[in-house]
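**Q** Just dropping this structure here.
The values are calculated or read from the model by the stated rules, or taken from the named source; none is laboratory data. In this text the structure is predicted, and so the values were computed from the model without any measurement. Here the Cβ positions follow ideal geometry from the backbone for every residue, glycine too, while neighbour counts run over all protein chains shown.
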Amino acid sequence: MKLKSIQAHGGLILAIIIMVVALASILVFKGDHYLAFSFACLIASMLPFYWDFEVNQLRAREIVFLAVLATVAAVARVPFAPLPSVQPTSFIIIVSALALGKDSGFIIGSTAAIVSNLFLGQGPWTPWQMFCWGMMGVTAGIIGKYKWSQNVKVLCVFGFAWGFIFGWIMDLWYALAYVQPLNMKTFIAAFVASAYFDLAHALSNVFFIALFYKSWYRIIMRFKQKYGLLDEAEIK
C-alpha cells in the first residue's frame, strides 16, 4: 500500500523536491543567474504532471470536459480583474479537483492561468501562476479522496491557506525578478508588502467555497457520473 501511495503521488513528491532544490540554490547563488535557474526548476517541477496526463488514455470527451472547466476557470478571472486578488478561478480549480482528481486538477489549474493571461497579459509571471494553480489543483485532488474533504468548513480553511500559499510563491518570483539587492531583509519586505493582497485572495476563496461549493460540486459530479468521465481507475 505504501508503494502504491508513493507511485500515486510521485509527481507531487518530485515537484516538491525540485522546488526545495531551487529555494536552496537561491540562498547560495550570488551571481546573476538565479532567476533563470529558478525558472528552469519551476518548469522542471511541472513536467511530471504533464507527463502523467500525456500517458493516460483519455477519451476525447474527457479532454473536452477538462478544457471546458479550464476555460470557465480562466474566463471567471477576467470580470474580477479590477478587484485585486479576488480570484474565483481558485474556487473553480479546487472544486473541479475535488471531483475529478489531482491530475485533472493540475491540468485545469495550469491551463486556466495561461488562458486567462491571454486576456490579462502574458509575462514571466505566467509560469509561476501555472505552477501555483496547478499545485492548488493537485493538493485539492489528493484530499478529495477523503470523506472529511466534503466538509465546507474544512474546505474554507483549505481555500484560505491556499490564498496565502499562492501569494507567497508569487512573492518569490517578484523578489527574484525585481528586488535589488536581494537579501533577507528585502526578501521579507517583499512578502510583507503583499499581505493585504494575499488576505483578499484567501477571503475570496472562503466566500466562493462557502456559497457555491455544494452546487458546483453536484454539477461536476453529475456530468462525471452520467457520462463516465475521468474515473480514478482510468487516470491512476
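**Q** Run down ALA67, ALA81, ALA97 and say which single residue is assigned to a helix (DSSP H, G or I), at pLDDT below 90 and either surrounded by fewer than 16 Cβ atoms within 10 Å (Cβ to Cβ) or among the small types (Gly, Ala, Ser) (or both).
**A** Testing whether each residue is assigned to a helix (DSSP H, G or I), at pLDDT below 90 and either surrounded by fewer than 16 Cβ atoms within 10 Å (Cβ to Cβ) or among the small types (Gly, Ala, Ser) (or both) leaves just ALA67.
**Q** Based on what the data block shows, is PHE187 aromatic (Phe, Trp, Tyr) and farther than 23 Å from TRP125 by Cα?
**A** Criteria not met by PHE187.
**Q** From LEU98, LEU120, grab the single residue that is touching a residue at least 40 places away in the same chain (Cβ under 8 Å) and touching a Ser or Thr at 6+ places or on another chain (Cβ under 9 Å).
**A** Only one candidate passes the filter, namely LEU98.
**Q** Looking at segment 139-160 only, could you name the residues that are assigned to a helix (DSSP H, G or I) and under 22 Å from ILE107 (Cβ atoms)?
**A** THR139, ALA140, GLY141, ILE142, ILE143, SER149, LEU155, PHE158, GLY159
Residues checked against (1) basic (Lys, Arg); (2) touching a residue at least 40 places away in the same chain (Cβ under 8 Å); (3) within 22 Å of PHE212 (Cβ to Cβ):
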site: GLY105; (1), (2), (3): no, no, yes
site: ALA113; (1), (2), (3): no, no, yes
site: TRP125; (1), (2), (3): no, yes, no
site: VAL154; (1), (2), (3): no, no, yes
site: PHE158; (1), (2), (3): no, yes, yes
site: GLY163; (1), (2), (3): no, yes, yes
site: TRP168; (1), (2), (3): no, no, no
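**Q** Same structure, new question: Can you pull out every residue in segment 107-124 that is over 18 Å from ALA73 (Cα atoms) and either in contact with a Phe, Trp or Tyr (Cβ under 8 Å, 6 or more places away or on another chain) or buried (at least 24 other Cβ atoms within 10 Å of the Cβ) (or both)?
**A** PRO124 - this is the single residue of segment 107-124 that is over 18 Å from ALA73 (Cα atoms) and either in contact with a Phe, Trp or Tyr (Cβ under 8 Å, 6 or more places away or on another chain) or buried (at least 24 other Cβ atoms within 10 Å of the Cβ) (or both).
**Q** Moving on. Within segment 170-186, restricting attention to residues that are surrounded by fewer than 18 Cβ atoms within 10 Å (Cβ to Cβ) and in a helix (DSSP H, G or I), which residue is nearest to the chain's Cα centre (by Cα)?
**A** TYR174
**Q** Return the pair list, or none, for Cβ contacts closer than 8 Å from residues in segment 200-220 that are small (Gly, Ala, Ser) to residues that are outside any helix (DSSP H, G or I) and crowded, with 16+ Cβ neighbours inside 10 Å, at least 6 apart or on different chains.
**A** ALA200/SER85; ALA200/VAL86; SER204/SER85; SER204/VAL86; SER204/GLN87
**Q** Can you name the residue in segment 125-138 that is within 20 Å of PRO88 (Cβ to Cβ) and over 8 Å from the mean Cα position of the chain (by Cα) and is also surrounded by the most Cβ atoms within 10 Å (Cβ to Cβ) among such residues?
**A** Checking each candidate, the answer is TRP128.
**Q** At positive phi and among the small types (Gly, Ala, Ser): which single residue out of GLY228, GLY163 fits that description?
**A** Answer to the selection: GLY228.
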